[in-house]
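Everything below concerns the one structure shown next.
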Amino acid sequence: MKRAIEILPAPKGYAPFDLEVRKPGVVRRIVTAFEEPSSIIPASMGKPPVAEMQPVPGIVFEVDPDEEMAKRHFVWLPAGKALEFPGTLVYVDTYVDEPTGQPLFLYEAIKG
């Protein structure tokens, strides 16, 4: 079986989200990734334009590049907040949000 690493950006916020991941899709860690530049600061006074990069959580998956994709369901849970979900939530990992310094706990939502 081949092994590869894929890093998929995950949205911030507390709404559940889906990611398409190759199987087996084992989560190895959460790192800081960067979104596409959300704004470009124009050139001025001889300085080149600057792309403003926004940090976002990036989920590191170990995958088999020859396997098919599967949709997985995740949700961030902040400290001290409760969440009702019709199914099972399985803890995956913790990410510390760069701008705020607040921990976010990643859970995989398994329906059933």
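The values are calculated or read from the model by the stated rules, or taken from the named source; none is laboratory data. Keep in mind that this is a model prediction, so the values were computed, not measured. Here the Cβ is made from the backbone with ideal geometry for all residues, glycine too, and neighbour counts use every protein chain on show. SASA here: full protein model, heavy atoms, side chains in, ligands and nucleic acids out. Shrake-Rupley method; radii C 1.70, N 1.55, O 1.52, S 1.80 Å.
Given the condition more than 30 Å from residue 81 (Cβ to Cβ) and loosely packed, with under 13 Cβ neighbours inside 10 Å, answer yes or no: does some residue in segment 4-19 qualify?
yes
Only one residue in 26, 50 is under 24 Å from residue 78 (Cα atoms) and open to solvent by less than 90 Å² (accessible area, probe 1.4 Å). Which one?
Result of the check over 26, 50: 26.
Hey, can you tell me all the residues within segment 74-103 that are among the aliphatic types (A, V, I, L, M) and over 11 Å from the mean Cα position of the chain (by Cα)?
Within segment 74-103, 77, 79, 82, 83, 89, 90, 92, 96 qualify.
From the list 62, 68, 98, which residue is within 19 Å of residue 5 (Cα to Cα), in contact (Cβ under 8 Å) with a residue 40 or more places away in the chain, charged (D, E, K, R) and open to solvent by 90 Å² or more (accessible area, probe 1.4 Å)?
68
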